[in-house]
Every structure is written in structure tokens, then in C-alpha cells.
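The values are calculated or read from the model by the stated rules, or taken from the named source; none is laboratory data. Predicted model only: the values in this text are computed from it and were never measured. Cβ atoms come from the backbone with ideal geometry, glycine included; neighbour counts cover every protein chain shown. To get the accessible areas, we keep the full protein, side chains included, count just its heavy atoms, and leave off ligands, DNA and RNA. Shrake-Rupley method; radii C 1.70, N 1.55, O 1.52, S 1.80 Å.
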Amino acid sequence: MKVIKKIIISLLSIIVIFLFLITCFFAYQKIVLKKVPYIFSYTSFINTGTSMLPYIETGDLVIVKKEKSYQKDDIISFITDEGFVNTHRVISINNNYYKTKGDNNKFSDSLEINNEVIYGKVVYVIHGFGYVYNFLLNNYLYIFIGLIVLSIIVIIFHGRKRK
């Protein structure tokens, strides 16, 4: 039984340290560098519009992966001239410029885009999780403090068991 407790405490310690490091990395990228944080070429966005219905709904979390190039029918996330993140389908490619259109839109987007403004290709959609994710993002500081407190508790508990 003591061995199982030690294994569980060790696993919890590793998970807390990992979450703490990820939180620090995301916070640094987002707050200090003012960049979209990537982990191993992946990032995520919350869909706020209806242009990709029925495949992607409002409040869905989309996971995107940065690629060197994209193909026709890929769904990509990119930044618009107005500074918004759009997630639309590639409908044509012309000299490394991509023409996009939302599945639920009647017309294609007016501007063609290149790799510089593309965040990545949608590889996974988590339906409805965007609301939870948005809560977590808006409460970054609280989560960060919570992870620190949790780390201290694990360290104290782990130290107490050794004595």
C-alpha cells in the first residue's frame, strides 16, 4: 500500500510540474511575446462564428497544426487584415496563395492568403469545449496561482512522508 501511495504521489508531482511548466510557457508566449503559443507545432482557437457550420459550431475548440503547405479542401485557421482569426476551407491554390471560403458562406473570402498569415490546418475539433477553454484562458492568473499552491501542497505532503 505504501508503494502505491509513493507511485501516486510521484505521478501527481510529475503532472503538476508539467502543467506548471506548460502554463508558464503559454503565459510567456501570450502575455510577454504577444504571440500565439505553439506546442510541438500545435495551437488552438475557439470558434466564434457560424461560417463553418455544420462541421465547426460556435463554441467549438479547434486544434490546428502548422504545416509547410496546405491542400485544397484543408480547413485552415489564419489571421485576417482586421486582426481576427478565421477558420475556413481552402477552395483553390494559386502560386502558394490560398483562396478560402466558409462552408456556410455563399461567397468566398475576398483576399487570397499566404503561409505568413496561416496558423495551421485544423486537425481536430472538440465540440462545445471552447466555452470551458475560454473560461480557463480568461482565468490564467487564477490557474497559475492554483498550480503553485497545488505544487506546494504536493511538496509538503511528499516531504512529510519522508520524515
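Structure values in brief
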quantity: In degrees, nearest ten, helix 2-27 long axis to first principal axis of the chain (Cα); calculated: 40 degrees
quantity: Cα gyration tensor category, rounded, prolate or oblate, for region 37-97 with a/c compared to 1.5; calculated: oblate
quantity: Heavy-atom surface of region 1-109, accessible at 1.4 Å and reported per residue (Å²); calculated: 66 Å²
quantity: Helix 140-162 axis, angle to the chain major axis (alpha carbon atoms, nearest 10°); calculated: 30 degrees
quantity: HN-Hα J in Hz across region 94-107 - Karplus 6.51, -1.76, 1.60, θ = phi - 60°, x for Gly and Pro; calculated: 9, 6, 6, 10, 10, 9, 10, 7, x, 4, 9, 8, 6, 10
quantity: Label-point separation in nm, Ile93 to Thr50, each point 7 Å along Cα→Cβ; calculated: 3.2 nm
quantity: (1) 59, 47, 28; (2) 69, 31, 26; (3) 80, 33, 26, with the label sought being that of the calculated Cα extents along the principal axes in Å; calculated: (2)
quantity: Over the chain, relative contact order from alpha-carbon pairs under 8 Å, at least 6 apart, %; calculated: 24 percent
